[in-house]
Ligand code: UDP
C-alpha cells in the first residue's frame, strides 16, 4: 500500500470509509524547514498518545476537530478535510521566530496572547502573512479568519489551563484547520497537537519539554516527550 500523502512527520492513508483517513504518526523529526532530520524511537507513539488525549479534551470542551478515534499506538482515524493553507500560531510568551523577528529576549510574557498567521508553504519556509495577504491570496475569507482567531484563542484558554495543571507553561503553539469534505461550510481543527508543535516549559524549573530540545541539541528529547505524556495522562485519566 502506498500512502495517499506523506509529510515530514505523518502519513495519510485511505480507509474503508470514504469520509475518513488513517493518520499515521512517524518517528521522524525535522526542524528548520526539513534541513535537520532525525528519527526517534517511540516519537510516533508518544505524539499519537498526547494528541489523542488533547483532542479528546478539546472535543469535550466544544472545539470541533477532525478526530474520530485512535486505531492503535501510531494511528488515528480522522475525518477527511481540505486543509487551509494558513497556519495559526498563538503565543503567550516570546520565543522562537518572535524573538528572531523582534530582537526581544526569550520568555517575555505578553499582556494578551498574540495570534499570527503563516502561509503553509515548505518552499517559502512558511512566511508570516496578515489578514490582507490572506484575503488577496484567496486562502480564507474574513469570516473564516475571525473563526480561526476565535477558535485558536479558545484552544489557548483550554490548553493553557490544562497544561498548567500538568506543571507546564504553554509558551506557544501552531494549529491547522481544515474544511470538512462532507460539509465544506464547517471548519474544524486538524493535524496533531503534541510537543512537536507546542512549546512547553516546566513551570518549576523552566526546562524545555518540547521540540526545542531537538532543534537546539539539548538531548533527552524523547524523555521530555514521555514526561509530557505521563503528566497529560495523569491529569486527564
Ligand atoms: N510551529 C510548528 N510548525 C511550523 C512552525 C511553527 O509546529 O511550521 C510551532 C513551533 O513548534 C512553536 C510555535 O509553532 O511551538 C511557534 O513557532 P515559531 O513561529 O516561533 O517558529 P520556530 O522558530 O519555532 O520555527
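Every number in this text was worked out from the coordinates using simple rules, so none of it is lab data. Computed from a predicted structure; not experimentally measured. Here the Cβ is made from the backbone with ideal geometry for all residues, glycine too, and neighbour counts use every protein chain on show.
Provide the packing ranking of 101-109, 191-199, 35-43, i.e. peptides ordered by the mean count of other C-beta atoms within 10 Å per residue, highest first.
191-199, 35-43, 101-109
Starting from the Cα of residue 2, step 7 Å along the direction of its Cβ; do the same at residue 106; then give the gap between the two resulting points in nm.
It is 4.1 nm.
Give me the one-decimal nm value for the distance between modelled label points at residue 121 and residue 19, 7 Å along each residue's Cα-to-Cβ direction.
Those two pseudo-labels are separated by 3.4 nm.
So what is the relative contact order of the stretch 91-209, in percent, for Cα pairs below 8 Å that sit 6 or more residues apart?
About 18 percent, as a whole number.
What residues of the stretch 187-202 lie in the reach of a label at residue 220, counting those whose backbone N is under 12 Å from a point 7 Å from the Cα along Cα→Cβ?
Those under the cut-off are 202.
What is the calculated FRET efficiency for residue 73 to residue 233, with r their C-beta to C-beta distance and R₀ = 22 Å, to the nearest 0.05?
Plugging the Cβ-Cβ distance into 1/(1 + (r/R0)^6) gives 0.95.
When ranked by the protection proxy of mean other Cβ atoms within 10 Å per residue, highest first, what sequence do the peptides 208-215, 63-70, 16-23 form?
Listed from highest to lowest mean packing, they are 208-215, 63-70, 16-23.
Using a Förster distance of 30 angstrom, determine the FRET efficiency expected from the C-beta separation of residue 42 and residue 85, and round it to 0.05.
0.45
Using only DSSP helix segments of four residues or longer, with each worth -39500 (n - 2.57), what per-residue ellipticity at 222 nm results for the chain after dividing by its residue count and rounding to 500? Could you put the intermediate results ahead of the total?
Numbers: 6 runs with 76 residues, N = 237.
Computed ellipticity for the chain at 222 nm equals -10000 deg cm²/dmol.
Using 1/(1 + (r/R0)^6) with R0 = 22 angstrom and r between the beta carbons of residue 149 and residue 97, what's the FRET efficiency to the nearest 0.05?
In this case the efficiency is close to 0.70.
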